[in-house]
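Scroll down for the structure; my scribbles are underneath it.
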Amino acid sequence: MFLEGSKAAMEDDTKHPGEALRIAVQKISNLPTIPVLAQEIIDTINNENADVRKLEDIVSRDPIISAKILSHANSALFGVSHATTTVAGAIARIGLNNVKNIALGVSMMTIFDSPRGAKVLDYERIFNHSLAVGATAEFIMRSLYPNSTEALFFDGILHDMGLLVLNRYFPELYSNVIIKNKTGIPLVDAEMQAMGFTHAQIGMWLAENWKLPDGIASTILNHHTPAMAAIGREKVAVIHLADFIISGNFFAVTRKSPNYMLDLAVSDILGLPDNKIEELTAKVTAYMISKGFEINRK
Ligand SMILES: [Fe+2]
């Protein structure tokens, strides 16, 4: 179902989301710094002389990241028929860019996977959701603009990073969000009601704290409200559409439906007639099913 976005509810439910966020993040006493591995990859990407071997060396040093990359290089999303067991094999199979993006995204997400303590959200579920949104966003971009060189995988992987921060640092507060969400209130609206700020806002705060590029911060902040993006609006709209499709049909971030609402501004931003959105949704869903993903049974 296509519904209006939740901007109005967000504006009504709290007059000072910035203040609520500021108070919340002050309570985070020891936020992890950007992982060394992620920083090394960023430095490698920025170095024009960077080569495949250097990236392979960096990634291979971390067994957890390597294992994640291999599992995703071998996943149905990349349509593989036999498994690869080395980082070099993964690079050959899914490309240097994909390996770089997965390594970056995974290294950033992994530090929020706390084995101890209360958790209200399922880390693995958010992880799989995020990778699927990244891959789907790239598929949508290629379908709409075959000549586009815009890379969306990284934005997709990180778009819900705020959920991981909340899960790790505010599990009790977030359990109130989940209770509201289970009554049918969309997740973002439930967050505004229970916390006074959203996972998108705290995600952007982290992106700024870690000095990630502005484009990523904009995607994270606006992935539920693409019309509000000041930069990269098309990219944000594609991430939003991918998020909507994956949340509704495949992997939502919560076990029960999060009642994800599509912001109809997507049509305007991407210059598409409304029926094109439905057509794209059907095409992406068929593509995912062809890759072996099971559609949600509601
Ligand atoms: Fe989200």
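No lab work stands behind these numbers, since they all come straight from the coordinates. Here the structure is a predicted model, which is why all the values come from computation and not from measurement. FYI the Cβ positions are ideal-geometry reconstructions off the backbone, even for glycines, and counts take in every protein chain you see.
Observations on the model:
- Mean Cβ count within 10 Å, highest first, over the residues of peptides 213-220, 245-252, 100-107: 100-107, 245-252, 213-220
- Electrostatic dipole magnitude of the stretch 33-111 [Cβ: Lys, Arg +1; Asp, Glu -1; Cα centre; debye, to 20]: 240 debye
- Pair residue 183, residue 289: separation of 7 Å Cα→Cβ label points (nm): 3.6 nm
- Over 26 Å between alpha carbons, listed pairs 27/100; 119/256; 68/276: 27/100; 68/276
- Think of the stretch 33-111 as a dipole: +1 on every Lys or Arg Cβ, -1 on every Asp or Glu Cβ, centred on the Cα centre; then among 33, 103, 82, 82 lies furthest on the positive end.
- Shape class of the chain from the Cα gyration tensor (axes a ≥ b ≥ c, square roots of the eigenvalues): oblate, since a/c reaches 1.5 or more and a/b does not exceed b/c.
- Overall form of the stretch 152-236 per C-alpha gyration tensor (a/c, 1.5; a/b vs b/c): prolate
- Dipole check for the chain: with +1 at the C-beta of Lys and Arg, -1 at the C-beta of Asp and Glu, and the Cα centre as origin, the magnitude is about 780 Debye.
- Reachable aspartates and glutamates, given that their alpha-carbon falls under 20 Å from the alpha-carbon of residue 211 and they are not under 8 places away in the same chain: 40, 43, 155, 160
- In this rough spin-label picture, where each label sits 7 Å from Cα along the Cβ direction, the residue 43-residue 88 distance is 2.4 nm.
- The length gained on full extension between residue 175 and residue 61, counted as 0.36 nm times the residue separation minus their Cα-Cα distance, comes to 37.4 nm.
- In order along the stretch 246-260, phi translates into HN-Hα couplings of 5, 5, x, 10, 10, 10, 7, 7, 10, 5, 7, 4, x, 6, 5 Hz, rounded to whole numbers, per the Karplus curve 6.51 cos²θ - 1.76 cosθ + 1.60 with θ = phi - 60° and x for Gly and Pro.
- Our summary gives the chain a relative contact order of 22 percent, counting only alpha carbon pairs under 8 angstrom and 6 or more residues apart.
- Averaging the Cα positions of each part gives two centres, and for the stretch 88-166 and the stretch 247-273 these lie 17 Å apart.
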